[in-house]
1. With axes computed from alpha carbons, what is the tilt in degrees of helix 6-20 against the longest principal axis of the chain, rounded to the nearest 10 within 0 to 90?
2. Cβ neighbours within 10 Å, averaged per peptide: list 202-210, 9-17, 100-108 in order, most packed at the top.
3. Roughly what angle does helix 77-97 make with the longest principal axis of the chain, taking Cα atoms, 0 to 90 degrees, to the nearest 10?
4. When a/c is below 1.5 the answer is rounded, else prolate if a/b is larger than b/c, else oblate, so apply that to region 217-274 with a ≥ b ≥ c taken from the square roots of the Cα gyration tensor eigenvalues.
5. Relative to the present Cα-Cα distance, how much length would full extension add between L225 and V105 at 0.36 nm per residue of separation?
6. Once you have a ≥ b ≥ c as the square roots of the Cα gyration tensor eigenvalues for region 6-75, tell me rounded if a/c is under 1.5, and otherwise prolate or oblate according to whether a/b is larger than b/c.
7. From the Cα gyration tensor of region 155-289, with a ≥ b ≥ c the square roots of its eigenvalues, which class applies: rounded if a/c is under 1.5, or else prolate if a/b is larger than b/c, or else oblate?
8. Counting helices only, and only those DSSP H runs with n ≥ 4, report the 222 nm mean residue ellipticity of the chain as the sum of -39,500 (n - 2.57) divided by its residues, in deg cm²/dmol to the nearest 500.
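Each reported figure results from applying straightforward, stated rules to the coordinates on display, with no laboratory input. Note that the structure is predicted; figures quoted are calculated from it, not measured. Don't worry about glycine lacking a Cβ; one is built from the backbone with ideal geometry, like all the others, and counts go over all protein chains shown.
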Amino acid sequence: MEEAPLYQQVAEAIRQEILSGHLCPGDRLPPVREMARRWHCAVGTIQRAYRELARQGLVAGRRGQGTRVVGELSTPAPLRRAALVHQAEAFLLRAVSEGYDPAEVEQAVRLALDRWRALVREPPAPEAGVLRFAGSHDLLLARIAAQFPLIAPGHALRLTFTGSLGGLMALAEGTADLAGCHLWDAESDTYNRPFVRRLLPGRRVALLTLAHRRVGLIVPPGNPLGLRGLADLARPDLRFVGRPRGTGTRVWLDARMRRLGLEGPAGRVAEVATHSELAQALAEGRADAGLGIEAAARIYGLDFIPLTRERYDLVIPAEIWESPPVVALVGWLTPDAAGALAADLGGYETEATGRVEWVEG
């Protein structure tokens, strides 16, 4: 891929410092001559980078005061959105010129958003018109969130991927409005209800079924190690990429390995926050196997060995059940609607989508 012009690289580096909080509102950017020495370039290159940042509404320059990070974005919202669309179109044009089709670009952007949502560990503060979700990573849910303004006009669904247990804890702490989980209880051989009762005692909560998902071993194309099931994870030569404790996938795996008399995968090399990251690690050759959903395997062109079928529920407290965005979501979430949205993902079964089960604390 052709490298971006130097002024754009400078501007992007500064933009990342602003977004990460290393440069705060009111902070002064280094003088252009100092930056030119730092980047080994002409003063004009730095000046052009600063003008680009100013165009994006991130910095402002005043005579005698230098260039500083703005306290608030002063660009009107429509112009900000137009600028963002312009940048997105430039990225799309560059990707298409390199041989990617628009569907591949859209999928890549969705996966990048998934990774970002997993990095944001704490759901944001309450905001008008926004439903805060915390819980297990799911590709179908990410698609629903993208369409949520059409499902519930005037509202948004903001996702933070914290794992199933993390989602229930966020509900208990009041930092999320609804959660998503697929926690299997070995003793009762049921999903979610036992965990909701333990973590949300005394509360009336609805379990709204999003879908059933097929879960299994994800392996490189052709399954070069000839893996067939969980017992093969004990092989010392196997590099296994897993999910963190507290995720529904990890809970199921640990319980099943104990039943086999095994402590766990022998060659665990990494833990990742989402199914997408797990599949990416396998596609890049950093591991030999992982446990995840079929949809993630299909996206990355990997082989899939099915092991179980799990139920993924949206956990919604009674106090927001009658709120307009939840009413709209419950009305929209039917087997046909979810099935159409998940049709090209694979690995989803939507016959039970929309069913409601109440848990009385």
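1. The answer is roughly 60 degrees.
2. 202-210, 9-17, 100-108
3. 80 degrees
4. Values: a/c = 1.73, a/b = 1.23, b/c = 1.41.
Oblate.
5. Working: separation 120, 0.36 × 120 = 43.20 nm, distance 3.15 nm.
Result for the pair: 40.1 nm of gain on full extension.
6. Working: a/c = 1.64, a/b = 1.41, b/c = 1.16.
Taking the square roots of the gyration eigenvalues as a ≥ b ≥ c, region 6-75 is prolate.
7. Working: a/c = 2.48, a/b = 1.70, b/c = 1.46.
It is prolate, given that a/c is not under 1.5 and a/b is the larger ratio.
8. Values: 14 runs with 153 residues, N = 361.
Rounded to the nearest 500, it is -13000 deg cm²/dmol.
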